[in-house]
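The values are calculated or read from the model by the stated rules, or taken from the named source; none is laboratory data. All figures in this text were calculated on a predicted structure; none of them were measured in a lab. Using ideal geometry, Cβ is built from the backbone for each residue, glycine included, and neighbour counts are taken over all protein chains shown.
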Amino acid sequence: MKILVVDDEADVKDLFQQRFRREIRAGEFEMSFANSGEEALTYLASRPSEVVLILSDINMPGMSGFELLRHIRSDYNMPPPPVVMMITAYGDDDSKQQATQLGANDFLTKPLDFSLLKEKLRSLA
């Protein structure tokens with residue numbers, strides 16, 4: 001499964017590569033990373049049929065995760081549309097409701113429970 005992780009925090013790439021080391025080595029997951037919503041859209045535009053799942057932070061400078069989700073749902077909704085999981089440090093109901101209304105498939109809060117995330121990803125594979 002190909003996964004695009006979108007987060008402005010510098011250590012996210014190392015953290016995901018460490019937590020998914022076994023799955024990446026086994027070819028179960030292939031991960032790419034974008035540091036902003038804008039970078040994610042550029043990535044998607046250059047590989048329109050490649051990404052299966054997008055994990056995006058909500059609070060980022062420039063384009064928020066909500067804006068990115070809006071773009072993804074309007075510009076990349078070809079079959080099969082990408083699965084989008086929104087990630088935020090704020091587990092409030094308003095953020096969850098907004099993410100759902102914009103078309104998010106799931107909503108996770110930080111700090112991430114990587115066991116739960118792996119379980120969710122495997123159920124999609």
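Do we find a residue being part of a strand (DSSP E or B), of a type in the set (A, V, I, L, M, F, W, C) and either modelled with pLDDT of 90 or more or farther than 18 Å from Asp8 by Cα (or both) anywhere in region 62-76? Within region 62-76 (the criterion being part of a strand (DSSP E or B), of a type in the set (A, V, I, L, M, F, W, C) and either modelled with pLDDT of 90 or more or farther than 18 Å from Asp8 by Cα (or both)), the answer is no, since none of the residues qualifies. Among the residues making up region 77-92, those that are in a loop (DSSP other than H, G, I, E, B) and not charged (D, E, K, R) are Asn77, Met78, Pro79, Pro80, Pro81, Pro82, Ala89, Tyr90, Gly91. Taken as a whole, the structure leaves Ala89 outside the set of residues that are buried (at least 17 other Cβ atoms within 10 Å of the Cβ), of a type outside the set (Asp, Glu) and closer than 16 Å to Val6 by Cα. Checked across region 93-102, the condition of being in a helix (DSSP H, G or I) and either among the acidic types (Asp, Glu) or under 18 Å from Phe20 (Cβ atoms) (or both) holds for at least one residue. Pro80 falls short on exactly one of the conditions (1) in contact (Cβ under 8 Å) with a residue 40 or more places away in the chain; (2) farther than 25 Å from Asp11 by Cβ, and that condition is (1). Checked against (1) outside any helix (DSSP H, G or I); (2) over 17 Å from Asp113 (Cα atoms), Ser56 passes all but condition (2). The residues on offer are Glu9, Glu50, Glu28, and the sole one that is part of a loop (DSSP other than H, G, I, E, B) and within 19 Å of Lys118 (Cβ to Cβ) is Glu28.
For a quick check of your reading of the model, give me the residue pairs whose first member lies in region 44-59 and is in contact (Cβ under 8 Å) with a residue 12 or more places away in the chain, whose second is outside any loop (DSSP other than H, G, I, E, B) and charged (D, E, K, R), with beta-carbon atoms closer than 6 Å and at least 6 apart or on different chains. That search, which allows pairs on different chains as well, returns Glu50/Lys2; Val51/Lys2; Val52/Lys2. Against the list (1) in a helix (DSSP H, G or I); (2) loosely packed, with under 15 Cβ neighbours inside 10 Å, the condition Tyr43 fails is (2).
You will find that of Leu116, Leu121, the residue that is among the aliphatic types (A, V, I, L, M), in contact (Cβ under 8 Å) with a residue 12 or more places away in the chain, assigned to a helix (DSSP H, G or I) and at negative phi is Leu121 and no other.
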